[in-house]
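What follows is a single structure, written as structure tokens, with notes after it.
No value in this document is a laboratory result; all are computed from the given coordinates. Here the structure is a predicted model, which means the values were calculated and not measured. Neighbour counts run over all protein chains shown; Cβ positions are idealised from the backbone, glycine included.
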């Protein structure tokens, strides 16, 4: 049974893993100067984390099913904390890149356990509230990552500069480790006797071959190796899908026979494509197009966070009444907010005049994210909790990489004519993505997203 401290403990873990995706963006210029980092090393400070994180999630989730979700959560937190220390103390750019890859691998072990623990520890309306709290935490970490980074660098605490962006994780990680054993219940899949090592190697390699060109391809002009990597990933996924299943497969095919799970994953893919891409081009616009510094740009994200926070608190009650359609309302609200931002940017309005549109866009995000997650987890048996959670977080990483790659083609294809024009073209692309999200929602089963739909269809899963 969960305790009062269960949810804050596991949410602190997911907060630092998401925060480290975004906080590093504002630390890059200082890192380049301090460590004399070249373009390739700088790029891999970001890409190394994303690649290790995204490609290791399926394996991380299954390790929790087999060896215990609290155990793997604690191990992931410990490794993430140590890797954060290594990042904060890195003497060279190469050392920082290695530490960032280690951080990403630790995040892949930690992150899927959070949703799996929520899925097994809570039921009914309590689970809906917990999942929405997860979505709220993840969104706020993403929205305010740049602001937190900008404040830390500007404050220059103890002369640490950019290093504080990584060392911030250390006290959080130590606190989580100190209370996890007492606050977080242990669980594992009842029939997960062993880990499918060949399957783990195949799926991890396939995801790495997919994510690497998505992360690096646009920056390098889509060279031949990116297409070879895509072809290799397709071959690896095919081999994985057609192999004879072991007694305890890495991902049980039964998950993909559930309509809510599959349609929910596609819906979440569209959401993450729009969210990650939007954060990229908006940050570029306010800094390169409107001349804001890193700290000012961070504050520009505050209206988005305010709208997101308000809508996330309201989303569970709306989902209880409207089910899947609250996600569609979120998609349409995002489209309206982005369209208003498009008009304002086209008129060259001062940044302050963008605030209402940014709030509306944040509201759209908040209305959609939590209900999507509850829908994906609906009806998933407890023994599949780790696999389902890792599939969800993997889609998040793939969707983010796809979205950034796609909007990058649009944005950088017209940036030669000015950043404001490129931003407007990017917004048009994102409006279409928001409308696609709204359409995909209709593929979900009726009633999906309501708390009553979250009761497990089976009571598998053995408490440890």
Put a dot 7 Å past each Cα toward the Cβ at residue 242 and residue 293; how far apart are the dots in nm? 5.9
Structure-based [θ]222 nm, the chain - -39500 (n - 2.57) summed over DSSP H runs of at least 4, per residue, nearest 500: -26500 deg cm²/dmol
Roughly speaking, what is the stretch gain from residue 222 to residue 355, that is 0.36 nm per residue apart minus the C-alpha to C-alpha distance, in nm to one decimal? 44.3 nm
Note to self: C-alpha centroids of region 247-301 and region 146-167 sit apart, in Å, by 25
Quote to one decimal, in nm, the extra length available between residue 428 and residue 170 on full extension: 0.36 nm per residue of separation minus the C-alpha distance between them. 88.8 nm
Place the peptides 134-142, 166-174, 226-234 in order of packing, highest mean first, counting for every residue the other Cβ atoms within 10 Å and averaging per peptide. 134-142, 166-174, 226-234
Ordering 284-291, 237-244 by per-residue average of other C-beta atoms within 10 angstrom, highest first, gives 284-291, 237-244
Label-point gap, in nm, between residue 254 and residue 235 - each point 7 angstrom along Cα→Cβ: 3.4
Please give the contour-minus-distance gain from residue 94 to residue 442: 0.36 nm per residue of separation, less the Cα-Cα distance, rounded to one decimal in nm. 120.5 nm
In nanometres, what is the gap between the two model label sites at residue 126 and residue 195, each 7 Å from Cα along Cα-to-Cβ? 3.1
Length-normalised contact order of the chain in % [C-alpha pairs under 8 Å, at least 6 apart]: 24
Percentage of interatomic Cα-Cα distances in region 254-457 larger than 22 Å: 48
Descending packing, highest mean Cβ count within 10 Å first, for 379-388, 150-159, 211-220, 196-205 is 379-388, 211-220, 196-205, 150-159
Roughly what % of Cα-Cα distances in the chain sit above 34 Å, to the whole percent? 29
With the contact rule set at Cα under 8 Å and sequence spacing of 6 or more, what percent relative contact order holds for region 7-148? 39
Computed over region 254-457: relative contact order in percent, which uses C-alpha pairs under 8 Å that are six or more apart: 40
